[in-house]
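Here the structure is laid out as C-alpha cells; the discussion comes afterwards.
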Amino acid sequence: MKTNLRISTAFAFLCTCAQLGATPLLFVNYNTAQTNFAQARAGELGLEFETVADFTTADSLAGKSVIIMPGFSSYAHLLHQSAILHDFVQAGGYLWLNVAGTDCASDFAPGGTDFKQYTCGGTFNEAETIVDTSHPYIQGSFHNQANQLTPADFVNWNVTDLGHLAGMPAGVTSITQNAQGATLAEYAYGQGWVIVSTLTFGWGVAGAKAGPMDNMLLYAASQVRGHHSPGAIATPEPASMLLTAAGLLFGITFVRRRRSN
C-alpha cells in the first residue's frame, strides 16, 4: 500500500514538473491583430505568456522565449532594436522572429539575416515547399499537442509569405522555402538560438491560424533545437526530463522498499 502511494505521489510530482518544463513566452507586440490572435491561441494551448509593447535591454527579455510577430508596418524600429536582440541571443536567449512587413530589411536578425520582400527582389507566395521533412517543427514530434505538418498546411493563407530570407550565417537549417529562398529557418548564434520567418502567422486564413501557428507557439515554449550546432545550448526536452525523473524516483522508492523489508 505504501509503495503504491509513493508511486502515485511520484507521478503527481512528475506531472507538475512537466507543466513547469515549458518556458514562458514573451510576445513583442509590433502588430496588434496578429499578436492578439497568437496570445489567444497560446492561452488555449495552456502556455504561459506575457506581452510587451517594446523592449529596451537584453535583460528585460531574459528567461523568456521571445516571439516577435509580423505585420504591415515599417521595420525601422525593429532594426533599431537589432543590437539588443543580438545581445539577448548571444548570451543564450531563444528568439522566434517573424518578419512580413511592407518594407525590405537588412540585418534585421542576429547574424545579419536580410528580408527580401516582394518590392525589392522577392515575391509573395501562396504555398511553401517543406525543405526538411524530418524537422521536429514539421513532424510535430516535440510535443503532444503539436501537429504533423504537410505542404497542404502552407497553402493559401492569403498570402503565405511576403518574401524570402537572405544573408543568413553559416550553419542554417532551412525548414520551408519558396522558389527564391528560405522562408522559415533556424540557426545557433553565440550561446543562443534563432528562428526567422517570412510567413504570415496569425494574419490570413487556413494554416496561418491552425497547425503551423500552434507548432510555432509550442516549439518556442519547448525551446526545441531542431539541429544542434556548435555554440548552441542543448535544452533537455520535457519528455527526456520526465523519463530521467521517473527513473530517479522509481529507484529511490525501490531502495526504500528493500531497506524496509
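Of all the numbered requirements in (1) in contact (Cβ under 8 Å) with a residue 60 or more places away in the chain; (2) in a helix (DSSP H, G or I), Leu79 misses one, and that requirement is (1).
Is it true that some residue in region 133-143 is surrounded by 19 or more Cβ atoms within 10 Å (Cβ to Cβ), assigned to a loop (DSSP other than H, G, I, E, B) and more than 17 Å from the chain's Cα centre (by Cα)? Within region 133-143, none of the residues are surrounded by 19 or more Cβ atoms within 10 Å (Cβ to Cβ), assigned to a loop (DSSP other than H, G, I, E, B) and more than 17 Å from the chain's Cα centre (by Cα).
Residues that are closer than 21 Å to Asn144 by Cβ and not in a loop (DSSP other than H, G, I, E, B) within region 196-219 comprise Gly207, Lys209, Gly211, Pro212, Met213, Asp214, Asn215, Met216, Leu217, Leu218, Tyr219, listed in sequence order.
Output the number of residues of region 148-163 satisfying the condition of being more than 16 Å from Gly202 (Cα to Cα) and either among the polar types (S, T, N, Q) or in a helix (DSSP H, G or I) (or both).
4
Residue under question is Ala170, and the condition is that it be part of a loop (DSSP other than H, G, I, E, B) and aliphatic (A, V, I, L, M); does it hold? Criteria met by Ala170. Comparison of Leu149, Leu85 shows that the only residue that is in contact (Cβ under 8 Å) with a residue 60 or more places away in the chain, of a type in the set (A, V, I, L, M) and crowded, with 22+ Cβ neighbours inside 10 Å is Leu149. The sole residue among Phe124, Phe88, Phe108, Phe115 that is more than 30 Å from Gly63 (Cβ to Cβ) and touching a strand residue (DSSP E or B) at 6+ places or on another chain (Cβ under 8 Å) is Phe124. The selection criterion, being modelled with pLDDT of 90 or more, surrounded by 13 or more Cβ atoms within 10 Å (Cβ to Cβ), among the hydroxyl-bearing types (Ser, Thr, Tyr) and assigned to a loop (DSSP other than H, G, I, E, B), holds for Thr23.
The values are calculated or read from the model by the stated rules, or taken from the named source; none is laboratory data. Quantities reported herein were computed from a predicted structural model and do not represent experimental measurements. Glycine gets a Cβ as well: all are built from the backbone with ideal geometry, and neighbour counts include every protein chain shown.
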